[in-house]
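Working notes, beginning with the structure itself.
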Amino acid sequence: MWPGSDRASPHPPVGRAVPSLGPFAELLGQPYQRLKVAVLRQLAGLPEPSWSLAEASQALTWLEPATANRLLSELRTDGLVVETDRYGQPGRPPAWRLSDEGHLVAAVCAVLAAPAIPPERAVKVLAAAMALARAAGVDERAAFAPFVAATAVLERDLAGLHRLIDQGDDERLVAAAGVAGVHLADLAEMARQVARPGGHEAEREHAAAVAGRLRTLLDELTAEPTEVAEPSGQPRDLVAAADPVALAGLVAGRLRLPPAVPPVRATDALAALDRHLGRPEPVTVPLPEPTLLPIESPEVVPDFVLLAADVMTWLARLGESDLARWVVGGTWAEASARMAAVVEAWSRWGPAGDGSLAAELDPQPRLEVVGHDEVGVVSLTGVRAPGVELAAQRPVEIDLTDPSDTDQTDAPQEVTT
């Protein structure tokens, strides 16, 4: 219901649909906003420039009455629907009309709502858009943009004609040439609209170059073909019957021999060709017999911990030995790795492990000179067989009996140090 009126809008009949907005609908946000544009188009199409509320409601039969009233109220708030000036007619009822901006929006939307623009009208529509932009007073770059777009249309026409020529599609080529001719004429009219001196010189020169190439190609396509009489007989017979001097005159100045290749007689060339064709056919070389490649097993890398256990067992069998005989040597990283392997082997199979290691380690603190002027405390780790004491801990037995003295009957004495 229109504000200030007590008449309700009639219900829309069944089966009526909202008028299509075409591609312009994709430029709008909410569907509700598209309804407002559709209302503007509907009101702009009324036979009278101003109308009453009842006439407006009857024109919007595809809307619910409440929705129609709300849209009309919002358009009035936006200034797109204004009240008609009744100056000098005080007795007339109030009426409403579209504002100038409302008519402009409705006209533009009506153009953009077309289902599809025919190909031959593309440049003409761009020219109208440029004229509308210039009339609306938009900035120069935006007003000149349709001219650049029209140049792009001619570039696509030129590329399409070349493609159809390569494909040999004569029927489509004729149709495409007709559309390109219309585009070329419309661009010429469009160029006259922007013929005033000023900027955009690069765009103007590019458009002129594209139009020149397209005009040249269209002239070639529309030119009548020249009839050429086909010679009778075989080409070889025609050449044989022709005068050699006349043939040489036809190609004089056009064919030049390479400077590094001397002139060759035809008989010599044919003889060389016969020799080339008379060569024996190439012999197919059989494939080599398959052979078995030697397979080498990858190198077995021993477990370093097992190696450390074997080394300790070997050192224990030597008698009095120390662990430094195997650990110390090489780089610091190598010595550290060997020491770590000894610790791991001693943890696994030593007294703290399963006790299967046939060697025992005996660390002893010692004082040794390190360098020339410094003294450091080091430890010496001995290796022995299980149950065997090192010589440093076993008592030293000294036989004080003279072996040559046969009368002495005392037993040998032991001295422990």
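The values are calculated or read from the model by the stated rules, or taken from the named source; none is laboratory data. Predicted model, so just to flag it, every value in this text is computed and none were measured. Note that each Cβ is placed from the backbone with ideal geometry, even for glycine, and that neighbours are counted across all protein chains shown. Remember, those area values only see protein heavy atoms, side chains included, never the ligands or the DNA or RNA. Shrake-Rupley method; radii C 1.70, N 1.55, O 1.52, S 1.80 Å.
Of note:
- Potential extension, Asp362-Ile117 segment - 0.36 nm per residue separation minus Cα distance: 78.0 nm
- Where labels lie 7 Å past Cα in the beta-carbon direction, separation of Asp268 and Thr331 in nm: 7.3 nm
- Measuring r between the beta carbons of Glu220 and Glu281 and using R0 = 56 Å, the FRET efficiency lands at 0.65.
- Label point distance in nm, Val343-Ser73, each placed 7 Å from Cα along Cα→Cβ: 8.8 nm
- Amide H contacts of Leu380 (H built 1.01 Å from N, under 5 Å, at least 5 apart or other chain): Gln364, Arg366
- Rounded to 0.05, the FRET efficiency of the Thr84 and Glu171 pair, given R0 = 60 Å and the Cβ-Cβ distance, is 0.60.
- Three-way shape call for the range 90-186 based on the alpha-carbon gyration tensor, with the a/c threshold at 1.5: prolate
- Taking the 1.4 Å solvent-accessible surface of the range 92-181 as the whole, the part contributed by carbon and sulfur is 63%.
- A full extension of the chain between Ala242 and Trp314 corresponds to an added length of 15.2 nm, given 0.36 nm per residue minus the alpha carbon distance.
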